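Working notes, structure below.
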């Protein structure tokens with residue numbers, strides 16, 4: 001390249017750069033456009049500015065900017081039932097062709113009839129049986145394909161959309177805002193880790209290695225010279241309630257400085273993140289208050305029950321998001 | 001800034017850029033200076049160039065460039081015994097003040113006497129008892145401090161240096177080279193994950209969340225309003241042999257494209273990484289052949305036994321490093 005060409009290219013780049021800068025300045029002026037200008041948004045922005053301002057006592061190095069997010073009810077819709085349960089029920093229907101005995105056998109009969117009352121009556125044991133039957137017996141790669149194929153065709157009963165459309169736009173902005181400020185964002189879900197990993201990178205920008213969840217055991221073996229990991233019908237780890245700090249410690253090995261949840265299942269994760277540790281900490285609960293645009297529930301619900309965590313939130317300095325009041329937009333497609 | 005100033009700044013930047021490029025080209029001309037110009041180095045560089053060259057069939061996107069490294073004997077010295085065992089023996093000596101009964105009780109007596117024969121006779125059960133006694137009963141944060149303090153003062157018996165000095169310079173260069181080419185580097189160790197995490201970031205540039213290892217169970221609770229994770233004397237996961245692919249799948253959720261080990265404990269990790277998967281794959285074994293500068297061992301050793309993996313390496317296309325012939329330098333301080 002001649003010097004003249006080089007200079008021309010430079011000037012062009014400078015102009016292009018100014019345009020980018022201007023756009024980015026505009027974007028930076030409101031990194032959370034779907035949030036109303038209420039207390040939660042202000043608290044989030046203040047926290048991020050606090051930990052990213054160099055040469056202050058509260059500055060946190062990038063390697064320690066770990067933020068953890070619950071999934072069901074925090075990043076996407078968990079009503080009328082956890083999406084993974086909808087997946088399991090659909091799997092039962094599909095597998096029933098090979099299991100004629102299921103039409104007289106609980107909890108399968110309840111699953112086939114869509115009888116949620118009978119399903120609830122089958123309790124934790126019945127649910128575990130459903131999960132094991134529908135989630136085990138194949139390789140991890142086969143299961144990934146099963147999940148991906150199901151998500152491509154399944155539709156939510158109320159919004160008639162793919163489940164991966166039912167993610168909260170304000171939370172997508174929050175994930176991106178934290179990452180733009182040097183945070184590493186993790187999902188810490190009570191749901192199955194292998195149910196989440198096939199799609200979290202595309203939908204949330206969270207790669208599989210930053211997804212922590214419940215799991216069943218797997219077993220390595222060589223089959224005809226090819227290595228496989230077979231999914232076994234045994235619980236390996238339950239990443240819920242007091243299991244969440246355990247799962248975080250196992251997978252990350254350091255304490256997060258920010259945690260985002262929506263139910264009592266996230267209580268211990270918020271405690272572990274925010275209490276008794278040095279330096280600035282941030283805890284947030286999403287409170288489902290908008291029956292019109294999404295759902296309104298807390299103490300009386302089966303999925304995502306929020307009771308004790310809401311009770312102790314003020315004492316612990318946790319921010320509570322009132323979805324109706326604090327979120328301008330709920331879904332990306334609105 | 002005026003246009004003239006802008007152009008001047010641009011030209012300056014272009015010149016500065018050229019200097020940086022030249023320096024980087026020089027650096028790139030030998031990213032692995034401690035490696036002799038023999039087959040392993042050529043194989044590594046060819047693999048990295050193959051997966052990073054855009055618009056080719058073998059190009060691998062950055063998010064899938066996962067490389068896994070064993071630790072003991074692959075990244076640092078594992079003779080005359082695993083460093084974590086030296087740590088456990090020192091802990092026994094320290095704790096013996098509170099346990100006068102240990103001087104007549106195996107495996108503690110063997111540990112106190114430094115009687116490796118009696119210790120070996122205590123078998124896996126004895127070893128597990130030693131590990132549980134010395135590694136459990138404190139919070140995860142207390143254990144981190146114990147490890148950090150021990151490493152600061154303990155010295156290797158042969159080289160009289162801190163254990164964290166006994167890392168292989170060629171492997172440090174390899175870790176950095178892979179990261180410079182968009183790889184995410186993970187440690188996958190049979191050793192305890194909490195024994196590794198306090199120092200891997202500083203020594204290897206591998207953050208705690210990219211360390212996978214064996215673990216004991218932990219339990220979350222609130223103690224006087226402060227959350228703690230207590231380490232329990234129960235095995236949680238053994239990240240060795242067929243456990244390594246399981247651990248990799250649990251923590252990362254996708255298959256690595258490159259794996260580096262040195263013993264039969266790494267065999268299944270290398271199989272899982274390199275066999276029966278699409279796209280370019282790389283497997284490497286470090287063969288300890290240099291008794292003078294380090295140690296020479298394979299089939300007959302207690303720690304880091306290399307037998308079957310060495311046998312099947314050629315058929316599987318795995319690269320075998322002959323430390324004596326292929327490494328110019330062994331340690332960073334040489």
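None of the figures in this text is laboratory data; all of them are computed from the coordinates on show. Since the structure is predicted, the reported quantities are computational estimates derived from the model, not experimental observations. Heads up, the Cβs are rebuilt from the backbone with ideal geometry, glycines too, and the neighbour counts pull from every protein chain shown.
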Exercise for review: Relative to the longest principal axis of the C-alpha atoms of chain B, give the angle of the C-alpha long axis of helix B:3-29, reported between 0 and 90° and rounded to the nearest 10°.
Suggested key: 60 degrees
Study note, to complete from the structure: Checked region B:186-242 with the C-alpha gyration tensor, a ≥ b ≥ c its square-rooted eigenvalues, rounded below a/c of 1.5, otherwise prolate if a/b is larger than b/c and oblate if not; verdict oblate
Check your understanding: How do A:196, B:127, A:178 rank when sorted from fewest to most other Cβ atoms within 10 Å of their own Cβ?
Key -> B:127, A:178, A:196
Point to revise | region B:241-296 - Debye-derived log10 I(q)/I(0), Cα point model, q = 0.19, 0.28 Å⁻¹ | key: -0.66, -1.10
Exercise for review: Rounded to whole Å and ordered largest first, report the semi-axes of the equivalent ellipsoid of chain B derived from its Cα gyration tensor (root of 5λ).
Suggested key: 39, 25, 20
Point to revise | Rounded if a/c under 1.5, otherwise prolate or oblate - region B:137-225, Cα gyration tensor axes | key: oblate
Practice item. Pop the C-beta distance of residue A:113 and residue A:158 into the FRET formula with R0 = 22 Å and round what comes out to the nearest 0.05. Key: 0.60
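What does the helix-only formula give at 222 nm for chain A: each DSSP H stretch with n ≥ 4 adding -39500 (n - 2.57), the total divided by the residues, and the result rounded to the nearest 500 deg cm²/dmol?
So the calculated ellipticity at 222 nm is -13500 deg cm²/dmol.
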Check your understanding: Between copies, how close do the residue B:138 label points come, placed 7 Å along Cα→Cβ, listed in nm from shortest?
Key -> 4.6
Review point. What average count of beta carbons from other chains do you get within 10 Å of the Cβ of residues in A:270-279?
Key: 3
**Study point:** Exam field: residue A:223 pseudo-label spacings to other copies (7 Å along Cα-Cβ), nanometres
**Key:** 4.6
Review point. Other chains near B:225-232: what is the mean number of their Cβ atoms within 10 Å of each residue's Cβ?
Key: 4
Check your understanding: Over what distance in Å are the Cα centres of region A:194-251 and region B:275-334 separated?
Key -> 30 Å
Revision key, fill the gap. Rg/Rh over Cα atoms for the protein assembly as shown, Kirkwood Rh, comes to 0.99
Point to revise | Proportion of all alpha-carbon pairs of region B:83-153 beyond 21 Å (%) | key: 22 percent
Review point. If you line up the Cα atoms of region A:275-334 on their principal axes, what length do they span on each, largest first, in Å?
Key: 40, 26, 17
Exercise for review: Could you tell me how many degrees, from 0 to 90 and to the nearest 10, lie between the Cα long axis of helix A:140-153 and the main elongation axis, the longest principal axis, of the Cα atoms of chain A?
Suggested key: 80 degrees
Practice item. Rank A:306, A:175, A:89 by mean-square fluctuation in a GNM of chain A with C-alpha springs under 10 angstrom and give only the top-ranked residue. Key: A:89
Revision key, fill the gap. With Cα coordinates, the longest principal axis of chain B makes an angle with the long axis of helix B:83-95, in degrees rounded to 10, of 40 degrees
Point to revise | Fully extended contour minus Cα-Cα distance, from residue B:54 to residue B:30, at 0.36 nm per residue | key: 6.5 nm
Revision key, fill the gap. at residue B:121 the sorted inter-copy label distances (label 7 Å from Cα on Cβ side), in nanometres, are 6.4
Revision key, fill the gap. Fewest-first ordering of A:164, B:53 by Cβ atoms within 10 Å yields B:53, A:164
Practice item. For each of A:56, A:274, A:74, B:301, count neighbouring Cβ atoms within 10 Å of the residue's Cβ, then give the residues from fewest to most. Key: A:56, B:301, A:274, A:74
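Which semi-axis lengths, in whole Å and largest first, follow from the square roots of five times the eigenvalues of the Cα gyration tensor of region B:177-334?
Value: 30, 19, 17 Å, ordered largest first.
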Point to revise | Selected from A:281, A:197, A:299 as most flexible by GNM, with chain A as the system and alpha-carbon contacts under 10 Å | key: A:299
